[in-house]
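The block underneath contains the structure these notes are about, expressed in structure tokens.
The values are calculated or read from the model by the stated rules, or taken from the named source; none is laboratory data. Values in this document were obtained by computation on a predicted structure and should not be read as measured data. Cβ: placed from backbone, ideal geometry, glycine included. Neighbour counts: every protein chain shown. These area figures cover heavy atoms from the full protein model, side chains too; ligands, DNA and RNA do not enter into them. Shrake-Rupley method; radii C 1.70, N 1.55, O 1.52, S 1.80 Å.
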Amino acid sequence: MAKIRHNNIIDTVDEVFTLAKETGSLHLYADDEPLNGRTLSIQGKRVLHFGTCGYLGLEHHPKIKDGAIKAIQRYGTQFPMSKTYVSNPLYEELESLIEDMYQAPVVISKNCTLSHLATIPTVIRNSDLVILDHQVHTSVQDAVKKLLSRGVVVEMIRHSNLEMLEERVKKQRGKFDKIWYMADGVYSMYGDLAPVKELMALSDKYDELYLYLDDAHGMSWDGKHGTGYVMGQMGTLHHKTILTSTMGKAFGACGGLTLFPNKEWHRKVKTFGGPLTFSVQMEPPILGAAVESAKIHLSPEIVSLQNELQKKISYANSLISNTDLPMISSNVSPIFYIGTGTMAMGNLLIKELIKDGIYINLAPFPGVPAKNTGTRVTVSNSNTLEDIEIMVDKLQYHFDASLREVRLTRTKIWEAFKIEPPKETNKTPEQASELTLDRCESIHDVDEKVWNNFLGHRGMFDWQGLRFLEESFSNNEKTESNWLFRYYTVKNKEGEVILMTFFVIALYKEDMFSEVSISKTMEEKRRTDPYYFTSKAMVMGSLFTEGDHFYINRSSVQWKEAFSLLLDEVYHEQKLHDVKNIILRDYMAQDEEIHRFMLEQSFVKVDMPESCVFEDLNWVGEDGFVDISSKKGKRHYRQKIKQYEEYYDIQVKKSLENDELSQAMKLFQNVKNNNYAINSFDFPDKLFHTMNDESCWEFLMLYLRTEEKEEAKLVAVGFCHINVEQVYSPMLIGMDYDYVFDYGVYRTALYQMVRRANTLGCKRVNFGISASIEKQRIGCELYPKVAYVQAKDNYEAQMMQATIALQND
């Protein structure tokens with residue numbers, strides 16, 4: 001079994017946020033004394049504030065502040081007991097005012113996250129199905145995860161894709177009591193809007209379909225009485241919709257709201273809504289502020305505030321539309337998203353704007369897909385029209401300067417978001433480079449000596465090895481067995497190689513390095529849907545090879561420029577071939593310089609299995625092997641390998657007869673079918689037949705002789721490659737599992753591969769990934785490796801989907 005270091009999304013987010021913090025984009029402190037909503041003081045610099053969610057500026061409304069002060073004077077700073085026992089006197093008044101606003105029963109909690117945690121597990125039954133919008137807020141997803149342990153089925157669809165939603169409803173109706181679609185009303189980063197009216201129509205069309213909508217960013221600035229964007233579209237709460245919202249953004253106070261279409265759901269959540277039962281109450285000053293805000297919402301003043309904000313939103317829209325800034329979505333919300341494409345660009349832009357007196361938000365992964373990093377600009381009533389003009393002018397200026405600094409173009413940013421650039425887009429001419437990139441589609445077009453000098457000496461992927469792979473993975477019947485090969489070389493003006501690597505474009509299983517339990521569930525689904533949870537990827541190296549597929553001269557001052565040039569070409573291939581995931585793999589886990597560069601390019605790090613290499617082949621015979629072994633290694637050899645030696649007949653063959661090749665292929669398939677730790681497609685038969693004709697391959701055969709068997713039986717075979725520099729690479733192994741445990745088949749095979757490499761005078765043995773514990777016991781060094789992934793979709797959401805798939809059957 002492979003020893004897999006499964007990636008922890010928390011570690012990845014920590015790295016992204018740490019980089020942003022170090023560059024001055026996140027985790028900043030305001031220095032103000034006092035705050036006024038229009039400006040902030042950050043690191044001693046006065047900046048115009050375009051990063052607030054207080055869209056109406058109500059947090060500084062005199063009546064709301066006065067309400068908070070009076071509540072403290074009347075009720076103290078807190079009311080420290082559960083609402084299950086006794087509620088603060090202000091709760092009843094606030095609930096009554098909110099219900100007047102929405103004309104629906106409400107449950108109030110300390111924040112919107114608690115609202116989800118209280119409502120979703122209480123209302124959703126085990127017999128229901130949950131369908132998540134791909135970009136629904138993380139707080140909703142976290143609450144849904146609590147349903148998994150109960151066996152509730154959860155699925156995910158692409159963002160605001162009504163066609164996909166209806167298809168899922170059609171397929172699943174009749175299997176579940178209710179089908180819940182969960183989405184945001186206004187999405188917090190792009191500011192785009194849910195198709196509420198269409199969702200209502202779909203819910204009316206299908207009896208099973210219910211809606212759970214989070215309108216936290218739509219609250220107050222839209223809708224009658226400031227009830228939000230969703231209510232503005234519905235008019236009255238739809239009879240099959242649960243609506244959550246927040247008083248912690250435009251409302252000017254704090255607290256979460258859940259509105260119910262019927263009294264029974266309201267009663268259940270209010271009576272025993274999970275954390276609501278045990279959590280402390282909202283503090284009196286917050287309740288006092290919320291009461292006064294609700295009164296404003298029920299007065300004509302809210303309409304004036306909404307109209308004032310809409311004028312500023314329209315003004316900002318008109319100004320930004322007259323620039324070349326890549327605004328990802330234009331709508332009536334106060335949220336504007338300006339794409340930057342990479343963390344490097346986003347961090348630099350934020351940093352330079354702060355220096356010049358403007359503050360806007362960085363929008364990094366996981367709030368958006370890694371490749372769709374950008375900046376979020378929010379407009380509020382605290383901003384003046386002149387402020388908005390200044391902000392747009394400076395945003396335009398520093399955007400252009402940052403583009404030049406990071407060697408990016410607007411066109412590339414539009415392409416990162418899969419949006420066709422506007423015709424009038426300023427193309428931002430490419431900066432002249434002294435580097436040149438050569439792209440080849442076959443190893444035959446690459447100089448053999450040059451390739452082997454920089455890359456081929458490292459492993460199975462020497463020039464002849466890649467010729468073999470090109471032949472093996474072409475003209476096959478199945479899609480997954482046909483790969484496109486791409487070879488890249490970057491040179492400086494003197495013709496010196498700065499970078500060299502290769503990629504394949506191929507179909508792969510997205511659970512390739514997932515938990516074994518997840519892959520097993522996936523394979524069950526693939527019995528009826530062979531391409532379930534698969535996609536096209538562009539992978540550095542290949543899905544067959546392992547090792548360091550990437551040469552870069554880090555001593556060159558141009559290495560980052562060379563790497564960026566390579567990525568530009570990869571992005572071009574991604575668009576050309578509709579590739580979903582880009583995977584740059586087999587980097588050393590401890591390489592901090594590469595790691596920082598990849599984070600700046602908005603790639604997400606993913607842990608890979610350790611690479612296993614046997615490096616000390618400078619010994620003679622069995623005694624020599626034992627001498628170089630560690631104390632544990634010596635004991636392992638004596639007890640787990642040596643004792644079975646008499647049972648084996650070891651043969652090395654350069655080619656096999658047809659019957660024996662078929663037998664060897666079956667043994668390999670045994671291993672393939674038992675190894676879910678690295679879950680890949682089956683290799684085509686052509687691979688093995690081509691291997692049989694190649695002089696650089698050999699077959700290490702283990703025949704077992706037992707008292708029960710008069711004739712020796714083939715129980716294991718190693719498919720081994722010897723490269724141009726005498727590096728021995730056992731690429732595949734086949735075994736008969738009936739004998740593995742009783743006769744130490746796998747351990748014997750590993751040892752015999754080492755003996756064979758020693759006999760040939762090889763420099764090292766590349767044992768690849770998986771089964772690292774067993775390989776370490778025979779003397780292999782383990783090297784932690786990582787890959788860097790850039791996906792079309794939010795990687796966190798993909799990982800959640802994989803986890804969800806575990807319980808779908």
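From zero up to wherever the largest Cα-Cα distance of the range 454-566 sits, split into 10 Å bins and tell me the percent of pairs in each.
Answer for the range 454-566: a P(r) of 12, 34, 30, 17, 6, 1 percent.
With θ set to phi - 60° and the Karplus curve 6.51 cos²θ - 1.76 cosθ + 1.60, what are the ³J(HN,Hα) couplings of the range 137-149 in order, to the nearest whole Hz, using x for Gly and Pro?
Karplus-based 3J(HN,Hα) across the range 137-149 equals 4, 4, 5, 6, 4, 5, 5, 5, 4, 5, 6, 4, 5 Hz.
List the relative contact order of the chain as a percent without decimals, with contacts defined as Cα pairs under 8 Å and 6+ residues apart.
Answer for the chain is 15 percent.
Against the empirical 2.2 N^0.38 Å scaling, what ratio does the C-alpha Rg of the range 648-687 come to? All intermediate terms of the calculation are to be shown ahead of the outcome.
Values: Rg = 12.3 Å, N = 40, 2.2 N^0.38 = 8.9 Å.
The value comes to 1.37.
Excluding L543 itself, calculate the net charge of residues whose Cβ lies under 11 Å from the Cβ of L543, where each Lys or Arg counts +1 and each Asp or Glu counts -1.
Taking every other residue near L543 into account, the sum is 0.
Going by a 4.7 Å Cβ-Cβ cut-off, which cysteines of the chain have no partner at all?
C53, C112, C254, C440, C696, C720, C762
Heavy atoms only, probe 1.4 Å: what % of the accessible area of the chain goes to carbon and sulfur, would you let me know?
That share works out to 48 percent.
How many nm separate the modelled label positions at K63 and K146, each set 7 Å beyond the Cα in the direction of the Cβ?
3.5
Applying the Karplus parametrisation 6.51 cos²θ - 1.76 cosθ + 1.60 with θ = phi - 60° to the phi angles of the range 601-608, what ³J(HN,Hα) value in whole Hz is obtained for each residue in order, glycine and proline being reported as x?
Running phi through 6.51 cos²θ - 1.76 cosθ + 1.60 with θ = phi - 60° gives 8, 6, 9, 9, 6, 10, 5, 10 Hz.
Please list the radius of gyration and Dmax for the range 575-694, considering alpha-carbon atoms only, with Å as the unit.
When restricted to Cα atoms, the range 575-694 yields Rg and Dmax of 21.1, 58 Å.
Count charges around V280 for me, please; just the other residues with Cβ under 10 Å from its Cβ, Lys/Arg as +1, Asp/Glu as -1. Walk me through the numbers before you get to the answer.
Numbers: positive: K83, K110; negative: E283.
Here the charged neighbours net out to +1.
Quick one: helix 658-674 against the long Cα principal axis of the chain, what's the angle to the nearest 10°, folded into 0 to 90?
Once rounded, one gets 30 degrees.
Taking amide hydrogens as modeled 1.01 Å from N in the peptide plane, which residues meet the under 5 Å criterion relative to Y648, leaving out close sequence neighbours?
Hits under the 5 Å cutoff: R705.
Please compute the volume of the convex hull spanned by the alpha-carbon atoms of the range 64-134 and report it per residue in Å³. Please list the in-between numbers first.
Working: hull volume 11.2 nm³, N = 71.
Cα-based convex hull of the range 64-134, divided per residue, equals 157 Å³.
Work out Dmax and Rg for the range 471-511 from the C-alpha atoms and quote the Rg first, both in angstrom.
When restricted to Cα atoms, the range 471-511 yields Rg and Dmax of 15.0, 45 Å.
Mark the label point 7 Å from the Cα of S329 along Cα→Cβ and return the residues of the range 356-372 whose backbone N is within less than 15 Å of it.
367-369, 372
Where both partners of a DSSP beta bridge lie in the chain, what percent of those bridges are antiparallel, to the nearest 5?
On the way: 86 of 113 bridges.
The antiparallel proportion sits near 75 percent.
Name the GluC sites (Glu not before Pro) in the range 674-760 that are in a loop by DSSP and that have at most 12 other C-beta atoms within 10 Å, would you?
Values: sites: E694, E698, E707, E708, E710, E711, E725; in loops: E694, E707, E708, E710, E711, E725.
Sites meeting the loop and neighbour criteria: E707, E708, E710, E711.
Can you tell me the alpha carbon radius of gyration of the range 29-176 divided by the globular rule-of-thumb value 2.2 N^0.38 Å? Kindly include the intermediate steps, with their values, before the conclusion.
Values: Rg = 21.3 Å, N = 148, 2.2 N^0.38 = 14.7 Å.
After normalising by residue count via 2.2 N^0.38 Å, the value is 1.45.
Run the simple label-point estimate for V626 and E523 please: 7 Å along Cα→C-beta, distance reported in nm.
3.9
Can you list residues whose amide H is under 5 Å from A677's amide H, if they're 5+ apart or on another chain and H is modeled 1.01 Å from N?
A2
Just subtract the alpha-carbon distance of N453 and D685 from 0.36 nm times their residue separation and send over the number in nm, one decimal.
Details: separation 232, 0.36 × 232 = 83.52 nm, distance 3.12 nm.
Full extension from N453 to D685 adds 80.4 nm.
Would you mind calculating the gained length between Q726 and D738 on full extension (0.36 nm times residue separation, minus the Cα-Cα distance), in nm to one decimal?
Working: separation 12, 0.36 × 12 = 4.32 nm, distance 3.39 nm.
Length gained, Q726 through D738: 0.9 nm.
How big is the range 199-290 by Rg and Dmax over its Cα atoms, in Å?
Rg and Dmax of the range 199-290, Cα atoms, are 14.5, 45 Å.
Give me P(r) over the range 1-89, computed from all C-alpha to C-alpha distances, binned every 5 Å, as integer percentages.
Pair shares across the bins are 2, 10, 11, 11, 12, 12, 12, 12, 9, 4, 3, 2, 1, 0.
Determine the gain in length on full extension of the stretch S474-E33; use 0.36 nm per residue of separation and subtract their C-alpha separation, reporting nm with one decimal. Walk me through the numbers before you get to the answer.
On the way: separation 441, 0.36 × 441 = 158.76 nm, distance 6.85 nm.
Length difference between fully extended and current span is 151.9 nm.
Let's test the formula: R0 of 25 Å, r as the Cβ-Cβ distance of E93 and H239. What FRET efficiency results, to the nearest 0.05?
Numbers: r = 27 Å, r/R0 = 1.10.
Calculated transfer efficiency: 0.35.
Diagonalise the Cα gyration tensor of the range 547-587 and give the resulting equivalent ellipsoid semi-axes, square root of 5 times each eigenvalue, largest first, whole Å.
Numbers: eigenvalues 97, 39, 7 Å².
Working from the Cα gyration tensor, I get semi-axes of 22, 14, 6 Å.
Could you state the number of Å between the C-alpha centres of the range 317-373 and the range 489-539?
With the range 489-539 and the range 317-373 each reduced to a Cα centre, they are spaced 31 Å.
Taking a cut-off of 55 Å, what percent of all Cα-Cα pairs in the chain are separated by more than that?
Values: 70912 of 326836 pairs.
In whole percent, the long-distance tail amounts to 22.
Would you compute, from DSSP H runs of 4+ residues alone, the mean residue ellipticity of the chain at 222 nm, taking -39500 (n - 2.57) per run and dividing by the full residue count, rounded to the nearest 500? Write down the numbers at each step before the final one.
Details: 28 runs with 315 residues, N = 809.
Rounded to the nearest 500, the figure is -12000 deg cm²/dmol.
With just the Cα atoms defining each centre, how far is the range 156-202 from the range 717-784? Give it in Å.
51
Between helix 162-172 and the chain, what is the angle of the helix's C-alpha long axis to the longest principal axis, kept within 0 to 90° and rounded to the nearest 10?
On a 0 to 90 degree scale, this one is about 70.
Find the all-direction average of the projected area of the Cα convex hull for the range 208-357, expressing the result in square nanometres with one decimal place.
Working: hull surface 52.1 nm².
Directional mean of the projected Cα hull area for the range 208-357 stands at 13.0 nm².
Which order do peptides 441-450, 90-99 fall in by mean Cβ count within 10 Å, highest first? All intermediate terms of the calculation are to be shown ahead of the outcome.
Working: 441-450: 14.1, 90-99: 18.2.
Listed from highest to lowest mean packing, they are 90-99, 441-450.
Please compute, for the alpha-carbon atoms of the range 646-714, the extent along each of the three principal axes and give them in descending order in Å.
Over the range 646-714, Cα extents along the principal axes are 38, 31, 18 Å.
What are the ³J(HN,Hα) couplings of the range 108-114, residue after residue, when phi is run through the Karplus curve with 6.51, -1.76, 1.60 and θ = phi - 60°? Round to Hz, x for glycine and proline.
Once θ is set to phi - 60°, the couplings for the range 108-114 become 9, 10, 5, 7, 5, 4, 5 Hz.
Eigenvalues of the Cα gyration tensor times 5, then square-rooted: what semi-axes does that give for the range 563-625, in whole angstrom, largest first? Mind dumping the intermediate values first?
On the way: eigenvalues 270, 45, 24 Å².
Working from the Cα gyration tensor, I get semi-axes of 37, 15, 11 Å.
Go through K371/K394; K65/K311; K110/K263; K249/K605 and tell me which ones have a Cα-Cα distance over 31 Å in this structure. Could the numbers behind the result be given before it?
Working: K371/K394 24 Å; K65/K311 26 Å; K110/K263 21 Å; K249/K605 33 Å.
Result: K249/K605 exceed 31 Å.
In Å², and per residue, what accessible area does the chain have when probed at 1.4 Å with the other protein chains present? The partial results should precede the final answer.
Working: 33720 Å² over 809 residues.
Result: 42 Å² of accessible area for each residue.
Once R0 is set to 22 Å, what does the formula 1/(1 + (r/R0)^6) return for the Cβ-Cβ distance between K713 and T759, expressed as a FRET efficiency to the nearest 0.05?
Details: r = 24 Å, r/R0 = 1.10.
For R0 = 22 Å, the calculated efficiency reads 0.35.
How far apart, in nanometres, would the label points at R554 and D693 be if each is projected 7 angstrom from Cα along the Cα-to-Cβ direction?
Label at R554, label at D693, 4.2 nm between them.
Between E264 and L385, what FRET efficiency follows from the Cβ-Cβ distance if R0 is 45 Å, with the result rounded to 0.05?
Numbers: r = 49 Å, r/R0 = 1.09.
So the FRET efficiency works out to roughly 0.40.
In vacuum, with every alpha carbon of the range 113-181 counted as one equal point scatterer, what does the Debye formula give for log10 I(q)/I(0) at q = 0.14, 0.17, 0.23 Å⁻¹? Two decimals, please.
Scattering profile of the range 113-181, log10 relative to I(0): -0.40, -0.59, -1.03.
Relative contact order, percent, of the range 240-328 when contacts are C-alpha pairs under 8 Å separated by at least 6 residues?
Working: 50 pairs, mean separation 18.5, N = 89.
Once normalised by length, the contact order is 21 percent.
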